[in-house]
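S.K.: Supplied in structure tokens, the structure appears directly below.
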Amino acid sequence: FKTCPGRVLCKLPCSGEKEVDLAVQSAKAAFKIWSQMSGMERCRVMLEAARIIREQREEIATMETINNGKSIFEARVDIDISWQCLEYYAGLAGSLAGEHIQLPGGSFGYTRREPLGVCVGIGAWNYPFQIACWKSGPALACGNAMVFKPSPFTPISVVRLAEIFTEAGVPKGLFNVVQGGAATGQFLCQHPDVAKISFTGSVPTGMKIMEMAAKGIKPVTLELGGKSPLIIFSDCDLDNAVKGALMANFLTQGEVCCNGTRVFVERKILDTFTKEVVKCTQKIKIGDPLLEDTRMGALINRPHLNRVQGFIKQAKEQGAEVLCGGDLHVPDDPKLKNGYYMRPCVLGNCKDDMTCVKEEIFGPVMAILPFDTEEEVVERANATKFGLAGGVFTRDIQKAHRVVAALKAGMCFINNYNVSPVELPFGGYKSSGFGRENGRAAIEYYSQLKTVCVEMGDVESVF
């Protein structure tokens, strides 16, 4: 692979109905073997997969950078989170169990935690390899098989994950990859032998998947979009809050669903905070994502770049002020001249009813909004159809816990942002979806409970 912005990396055929059926049937056959293995047997295989990923970290991170356009610095973090995810669920695989319930007269009941079957994972293009591990980790730990469809914009690295699972010793076909767009996804969702669907992506697509799943009574996990609030109180550690705002807006070129893109700043520190954020934003190194000192690479493709810039243009028309960035960036290296680069943008003079404040931009665009009171900012923070994440920066720990308790969001951060330890559940409220990934909570969404009631005496008949 070489860095070739704006050029075709590879061509992959889309999986049609026939290919999808072959993938599902292959996974179904593998499921019969995998589901009968003990939790400790599955644990050992998953630990081996994690080991391979850890040893091939640099190779996979480079592949992911070329796949997505994010900096190699970030891609390495993604790969680390990926092997940690598999290690975490490997550790849980051997401890999955039901419970024993004593009933009168020596009778008893017990529950069994059983796998669902063939699960479908549909990934997004911003974290291709990591999302595939987030979905396959708990699925495989519970004894399921998985057919995974990556985004057609980032099809490469998930194929490597499938190879790694095979090398680690999973039954052939346990983790299958199909390629394609909406039509391929539809074949997966409507396949009668698919037991569950987990989707990461946009709200409109999530609605369509939920509708298709409903016709087959299939459980769904949806991790959708966000327009998350980041609340900066005047008693914060200012330097830390500025770092947090950059982390909340500019990771992966701003293409992160839980980004805190509505930055509410207490009015008494508005000017100071804004000045520091602009200064730090202007220092972000943009360019070849494979260079060690690059901190922002290229956006995913030309249509998306145009869409993000359209939001900035509309913001200016509605009265927002571009404090920095928002324009195209052309790196000095001539081989990068056709890349989809833009300077990270900070918008001031924003109002709650502006499109740039209400709609998910999914690019490196931060909107700063002043506030005066805690009660006011909580109400404004919750005035959105989304509910994926939220953040608070303050030295007052009581206030911090009080505010996050009031935020209608599934993932909240106090004095940090965009930290994703696999031990903690991740997912949203409202239009941001439902179900959880990561943590022990994910086990609930990749397994089902069977209850067994055992009578030790004669049946008490009413007849």
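The values are calculated or read from the model by the stated rules, or taken from the named source; none is laboratory data. All values derive from a computational prediction rather than experimental measurement. When we count neighbours, we look across all protein chains shown, and the Cβ atoms used for this are built from the backbone with ideal geometry, even at glycine. To get the accessible areas, we keep the full protein, side chains included, count just its heavy atoms, and leave off ligands, DNA and RNA. Shrake-Rupley method; radii C 1.70, N 1.55, O 1.52, S 1.80 Å.
S.K.: On average, how much accessible surface per residue is there in the chain, in Å², for a 1.4 Å probe, leaving out ligands, DNA and RNA? Before the final figure, lay out the partial values.
M.R.: Numbers: 20110 Å² over 463 residues.
Averaged over the residues of the chain, the accessible area is 43 Å².
S.K.: Next question. When ranked by the protection proxy of mean other Cβ atoms within 10 Å per residue, highest first, what sequence do the peptides 378-386, 306-314 form?
M.R.: Ranked by mean Cβ neighbours within 10 Å, highest first: 378-386, 306-314.
S.K.: Could you tell me which of Ala406, Thr384, Ser461 has its Cα farthest along the dipole of the range 327-463 towards the positive end, charges placed at Cβ (Lys, Arg +1; Asp, Glu -1), taken about the Cα centre?
M.R.: The residue sitting farthest along the positive end of the dipole is Thr384.
S.K.: On alpha carbon coordinates alone, what is the Rg over Rh value for the range 147-199, Rh being the Kirkwood radius? Provide the component values of the computation, followed by the final result.
M.R.: Working: Rg = 11.7 Å, Rh = 12.0 Å.
Rounded to two decimals, Rg/Rh equals 0.98.
S.K.: In addition: Exceeding 23 Å between C-alpha atoms, which entries from my cross-link table qualify? They are Lys275/Lys316; Lys243/Lys430; Lys243/Lys399.
M.R.: Lys243/Lys430
S.K.: So if I average 1/r over every pair of distinct C-alpha atoms in the range 229-414 and take the inverse, what Kirkwood radius in Å does that give? Please report the intermediate quantities before stating the final value.
M.R.: Working: mean 1/r = 0.0599 Å⁻¹.
About 16.7 Å, per the Kirkwood formula over Cα pairs.
S.K.: In whole Hz, with x marking every Gly and Pro, tabulate ³J(HN,Hα) for the range 338-347 from phi via Karplus 6.51 cos²θ - 1.76 cosθ + 1.60, θ = phi - 60°.
M.R.: Those phi angles translate into 9, x, 9, 9, 9, 6, x, 10, 10, 9 Hz.
S.K.: If you filter the range 208-286 for trypsin sites (Lys or Arg not before Pro), then keep DSSP loop positions with at most 13 other Cβ within 10 Å, what is left?
M.R.: Taking the range 208-286 and a limit of 13 other Cβ atoms within 10 Å, the loop trypsin sites (Lys or Arg not before Pro) found are Lys283, Lys285.
S.K.: So how tilted is helix 203-215 from the main axis of the chain? Cα-based, degrees 0 to 90, rounded to 10.
M.R.: 20 degrees
S.K.: Something else: So what is the calculated 222 nm ellipticity per residue for the chain, using -39500 (n - 2.57) for each DSSP H run with n of 4 or more, over all residues, to the nearest 500 deg cm²/dmol?
M.R.: -12500 deg cm²/dmol
S.K.: Hey, could you grab the Kirkwood Rh for the range 165-266? Inverse mean 1/r over distinct alpha carbon pairs, Å, one decimal.
M.R.: 16.9 Å
S.K.: Helix 72-93 against the longest principal axis of the chain: what's the angle in degrees, Cα atoms only, rounded to the nearest 10?
M.R.: With both axes taken from Cα atoms, the answer is about 20 degrees.
S.K.: Measure up Lys313/Lys408; Lys70/Lys215; Lys135/Lys227 against 28 Å on the Cα-Cα distance and list the ones that go over.
M.R.: Lys313/Lys408; Lys70/Lys215
S.K.: Also, quick follow-up: Applying a 10 Å radius around every beta-carbon, put 233-239, 23-29 in order of their mean neighbour count, most first.
M.R.: Averaged packing, sorted descending, gives the order 23-29, 233-239.
S.K.: Give the calculated FRET efficiency between Thr355 and Ala383 to the nearest 0.05, with a Förster radius of 22 Å applied to their Cβ-Cβ distance.
M.R.: About 0.90, to the nearest 0.05.
S.K.: What is the P(r) of the range 304-411, as percent of Cα-Cα pairs per 10 Å bin from 0?
M.R.: Result, from short to long distances: 13, 37, 30, 15, 5, 0 percent.
S.K.: Sticking with this one: Scan around Met366 for amide H atoms under 5 Å from its own, H built in the peptide plane at 1.01 Å from N, and keep only partners 5 or more places away or cross-chain.
M.R.: The list, which skips near neighbours in sequence, is Cys345, Val346, Leu347.
S.K.: Summarise the accessible area of the range 21-86 (1.4 Å probe, protein heavy atoms) by the percent that is carbon and sulfur.
M.R.: Result for the range 21-86: 57 percent of the exposed heavy-atom area is carbon or sulfur.
S.K.: Further, regarding this structure: If you compute mean projected area of the Cα convex hull in nm² for the structure shown, which of [x] 23.0; [y] 20.6; [z] 25.5 do you land on?
M.R.: [z]
S.K.: Using the alpha-carbon centroid of each, what span in Å lies between the range 294-333 and the range 159-209?
M.R.: 32 Å
S.K.: While we're here: For the chain, find the longest principal axis of its Cα atoms and tell me its angle to the long axis of helix 302-317, 0 to 90°, nearest 10.
M.R.: That helix lies at roughly 50 degrees to the long axis.
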